[in-house]
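K.L.:
Okay, here's the structure, questions in a sec.
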Amino acid sequence: MANFARPIRVKHMAFVLALLVFASAPLVTAQVGYSQRAKEIGTHLKCMCRGCDMSAGLCAHPGGSFSGPCDTAKAMLKEVDQHLGKGESEQQIIDAFVSEYGTVVYVEPPKRGFGLVAWLMPVFYIVVGLGILVFVVRKWALRPSTLTHAPAGHAAAAIDPNDPLARARAQAARETED
Amino acid sequence: MDVFGSFSLLLAFVCAVYAFIGGIFAIKTRHPLLIKSTRQAGIATCVLIFISTISLEYLLFSDNFSMAYVVQHSNRDLSTFYKVAALWAGQEGSLLFWSTLLSVYVISVLLVYRNKNGELMPYVGVILAGVQIFFLTLNNFVENPFKTLATVNAAGVLAPFTRMDGNGLNPLLQYPEMVIHPPNLYSGYTGFTIPFAFALAALLARYPGEKWIHLTRKWTMVAWCFQSLGILLGAHWAYAVLGWGGYWGWDPVENASLLPWLTGTAFLHSVMMQEKRGMMKVWNVWLVFSTFLLCILGTFLTRSGVVSSVHAFANSQIGSWFVGFILLTMAVCIIAYFKNRDYLKSENMLDSMVSRESSFLFNNLLFLVACIAVLSGTLFPVFSEWFTNNRISVGAPFFNKVMIPIGLAILFLTGVGPLLAWRKTSGDSLKRNFGWPLVVGSLSGIAALILGYRDAVSAFCFALCGFVTWTIVMEFYRGAKVISARTGMSKMMAAHELAMRNTRRYGGYVVHFGMVLIFIGLAGAAFNTEAQKAMNIGDSLKLGPYTLVLQSGDTKVDKNYTAQRMIIEVLKGNKQIMLLYPEKRQFQGTEQAAGTMVAIYSTLREDLYVVYAGMDPESNVPVIHAFLNPLVKWIWLGGVWVVIGTLLALMPNRRATLVLSAATQLAAAIPGTAALTPNVTLREGHD
């Protein structure tokens, strides 16, 4: 029918710090066939089974007959262990997976190349937004404070016949009721 | 019945087209009979859509397996409860359901305002009919739910064909929340059509910018409340059913539901700028336009399968229809705006940077940045594929890193904003208002660290929660003290009276408090731990203070599924607390046959979340996956407060007359207090 993808499980606060908590509690036993370290690195690699959107380290494969790491995730974690055996660093391992599976294996975009764009976007929005805000605020603050505000929606009291907005306001008040 | 449903759907389309075209003529000619007949066509459209939905439900209930939709999403043994939900289990049904919920709003608006707002309503009617035409086009001609099964018979002729049983409902949807989560979320999505229609109508009718705000205030709150509730119920469903220990995964469809919520929330705040100060009229119009467009985009992302997601049940051709509709709506909005923007002239003016006005500006900035950041993150994989031919995935860690700072900044403003005065806040009042909240906030942060929540970001979040809570308490306390002094009521009664006199303001504070609780729950996620183990009977698994002992397993047979159930004893220290029964269900008649039923022992402190993952493929021993998730319950409690707050805000303000007369008597009796009484009326309606 469809792909029942399921995303990577969430860490709402400080993902990295949460991982430290994980690390300090080595709970997953060796019987699963991969090391705790492989599982940690696996949280930075997307499970390539194409049936879930989770990371290999946290794959729970909803809808499958086994809600644990699926076979693909397990194979990936074992592969991580092989790399670890060769003494590779986390970054080297991730790079090895990227050359094997392509950029889809990333869980978060890399902070280089086109992936950097993803990280810069939110910063860009904040900067531009703040810029616009400061510009607008300055413009507004410079306005003479003699401009009095008529209470919204009830401005029918004194209509200046030459002001089209006041006329429209009076008309709107006539034609509608709250 | 299928012909009946199909025909009423077609007739609804015809009526909507009449309401649209006739409505345009009615606006031009102002002919009273034409205005009336187009309004009635609008009502007829809604009624016909209701009939058609009831027909589809009837077909589902009567197990009519000659219908393609019934075969795909139901089966004989499916319980009645879930046959209701089968209506929105598939593409065709959920689009019809969209039309239905939209019709509930449309018919309400058309009936409530049938004798009111005579000049504006024809415009509103035309816009609503326009939106309905789009969805009815999909319902009728693209994704018609009333298709029958057919097969080529021996004679080589296409003949109707009936299956013995259906494929059944997707097991992931066979959970109570799935019966209430989609209706809530859809009610949110569709509800924003109403403020959109009024905003656009007022612009087309050349009404000054403030008019539509007054008319749609409550409609917007209703839509917002449904949207909030829908999002939270969806999170709870993900938590309780998917068995991955989390509730929010930044899945594209989850994100899609968050987008209009973010702009809608920004809008609920910025309307106050317009009401109180006549500012930001252009901004508000565009906020509501964007919210509506994001609702349509959300439906599009959910339904088109353009991004892979748990919810993208079907990939189909409707994508181009949605893109077309979004572009057309944008074009109409832009043209209307440039033609009539003179009528949105605002009295924008700012006296001080430290004022309620500027806090609203920052609030809107943050909500907008949050919205655009989520949107661009969600679409980034698509962009990266366009530009580099390589799809770069963007997952939860990215969104968490980006959104946590924005979320905390918004939480900070939640506390600051209400304490700042309109126009200008003096240094003295800053000291008076912020002293205690800052103290309470710092103490909350320190208390969290002492209690063992040792994570810098979380501790900061707890501190902000304490800060915001205290500002809310102070707001209630101050107001209650004034009323209590004047009327002699107890403080509690006075606080109630206070809330009833200005429901929107104090309802807003209650919603803020709900958000504080939600943030406490989210901050707990930094301390999640888990353990997984293949367990034989009698084996135990330790997780935090708990020890889980596998006692036994059994099999449960239901009409629609067979469940394997593990019975797990939970010990804390050496004391038995309870038994948990996590299940693995094997459903009938579906390819995606398995479902998990998580067992959760939930307390305010933490959730012990136990999943029976299934038999270990190699050793054939049951695997238990347990999570310890602190503070999750606070999220759901926060949701309850959000709803209570919104309901309070929807109530009409109680007039202060009763109290006023009591106060006047009091004033008469005690000389020197008379000067106080007029303030009672002055305070009313003051946000």
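What follows draws every value from the coordinates through simple rules; no lab data is involved. Computed from a predicted model, the values in this text were never measured in an experiment. Cβ atoms come from the backbone with ideal geometry, glycine included; neighbour counts cover every protein chain shown.
K.L.:
Which whole-percent values make up P(r) of the range B:241-380 when all C-alpha to C-alpha distances are grouped in 10 Å steps starting at zero?
P.N.:
For the range B:241-380, the pair-distance distribution reads 11, 33, 31, 17, 7, 1.
K.L.:
So between B:THR603 and B:TYR58, what do we pick up on full extension, going 0.36 nm a residue minus the alpha carbon distance?
P.N.:
Working it through step by step, the gained length comes to 192.0 nm.
K.L.:
Return the average number of partner chain Cβ atoms within 10 angstrom of each residue Cβ along peptide B:528-537.
P.N.:
4
K.L.:
Work out the mean other chain Cβ neighbour count within 10 Å for the residues of A:113-123 and drop it here as an integer.
P.N.:
6
K.L.:
Taking 22 Å as the cut-off for C-alpha to C-alpha distance, list the pairs among B:LYS424/B:LYS481; B:LYS431/B:LYS491; A:LYS78/B:LYS401; A:LYS39/B:LYS533; B:LYS116/B:LYS218 that go past it.
P.N.:
B:LYS424/B:LYS481; B:LYS431/B:LYS491; A:LYS78/B:LYS401
K.L.:
Still on this structure: Setting aside same-chain residues fewer than 8 positions from B:LYS211, which aspartates and glutamates have a Cα under 16 Å from its Cα?
P.N.:
Cross-link targets: A:GLU175, A:GLU177, A:ASP178, B:GLU119, B:GLU275, B:ASP342, B:GLU347.
K.L.:
Under a straight-distance cross-link criterion of Cα-Cα below 18 Å, which lysines are reachable from B:LYS28, leaving out those fewer than 8 residues away in the same chain?
P.N.:
B:LYS36, B:LYS339
K.L.:
So how do B:564-574, B:604-614 stack up, highest first, on mean other-Cβ count within 10 Å?
P.N.:
For the peptides B:564-574, B:604-614, the packing ranking is B:604-614, B:564-574.
K.L.:
Between rounded, prolate and oblate, where does the range B:527-634 land on the alpha carbon gyration tensor, with a ≥ b ≥ c its root eigenvalues, rounded for a/c under 1.5, else prolate if a/b exceeds b/c?
P.N.:
Taking the square roots of the gyration eigenvalues as a ≥ b ≥ c, the range B:527-634 is prolate.
K.L.:
Which value in nm describes the separation of the simple spin-label points at B:ARG206 and B:VAL282, placed 7 Å from the Cα toward the beta carbon?
P.N.:
2.0 nm
K.L.:
Mind checking Rg over Rh on chain B, alpha carbons, Kirkwood formula for Rh?
P.N.:
My calculation of the ratio gives 1.00.
K.L.:
Over 46 Å apart: what share of the alpha carbon pairs of the protein assembly as shown falls there, rounded to a whole percent?
P.N.:
31 percent
K.L.:
Describe numerically, in nm with one decimal, the distance between label points set 7 Å from Cα along Cα→Cβ at A:PHE124 and at B:LEU579.
P.N.:
5.9 nm
K.L.:
Could you line up B:LEU200, B:LEU327 from fewest to most neighbouring Cβ atoms inside 10 Å?
P.N.:
B:LEU327, B:LEU200
K.L.:
Residue separation times 0.36 nm, minus the C-alpha to C-alpha distance between B:ILE180 and B:THR137: what's the value?
P.N.:
Stretched fully, the B:ILE180-B:THR137 segment lengthens by 12.8 nm.
K.L.:
Provide a whole-number value for the mean count of partner chain Cβ atoms within 10 Å of the Cβ atoms in peptide B:615-626.
P.N.:
Other-chain Cβ atoms within 10 Å of each residue's Cβ, averaged: 2.
K.L.:
Run through all the Cα pairs of the range B:378-481 and give the fraction in each 10 Å bin from 0, expressed as whole percent.
P.N.:
Percent of pairs per bin, in order: 14, 31, 24, 15, 12, 4, 0.
K.L.:
Near A:LYS74, which aspartates and glutamates are there with a Cα under 17 Å away, not counting those fewer than 8 places off in the same chain?
P.N.:
Partners found: A:GLU40, A:ASP53, A:GLU100, B:ASP616, B:GLU618.
K.L.:
Per q in 0.26 Å⁻¹, report the Debye log10 I(q)/I(0) for the range B:386-430, using one uniform scatterer on each alpha carbon and no solvent.
P.N.:
-0.92
K.L.:
Efficiency by 1/(1 + (r/R0)^6): what FRET value for B:LEU451 and B:LYS572, r their Cβ-Cβ distance, R0 = 25 Å, to the nearest 0.05?
P.N.:
Using R0 = 25 Å, I get an efficiency of 0.90.
K.L.:
Find how much the distance from B:ASP554 to B:SER619 grows on full extension, using 0.36 nm per residue of separation minus their present alpha carbon separation; answer in nm with one decimal.
P.N.:
Between B:ASP554 and B:SER619, full extension yields 21.5 nm more.
K.L.:
Between B:LEU438 and B:LEU158, what is the FRET efficiency for a Förster distance of 60 Å, r being their Cβ-Cβ separation, to the nearest 0.05?
P.N.:
Working from the Cβ atoms, E equals 0.20.
K.L.:
Could you tell me which of rounded, prolate or oblate describes the range B:154-206, using a ≥ b ≥ c as the square roots of the eigenvalues of the alpha-carbon gyration tensor, with rounded for a/c under 1.5 and, failing that, prolate when a/b is larger than b/c and oblate otherwise?
P.N.:
The shape class here is oblate.
K.L.:
Moving on to the next point. P(r) tail for the range B:158-253, what percent of Cα pairs lie past 19 Å?
P.N.:
60 percent
K.L.:
Roughly how many nanometres apart are two label points built 7 Å out from the Cα toward the Cβ at A:LYS86 and B:MET500?
P.N.:
Each label point lies 7 Å from its Cα, and together they span 7.5 nm.
K.L.:
Grab the beta carbon distance between B:LYS424 and B:ILE334, set R0 = 41 Å, and tell me the FRET efficiency rounded to 0.05.
P.N.:
Efficiency for this residue pair is about 0.70.
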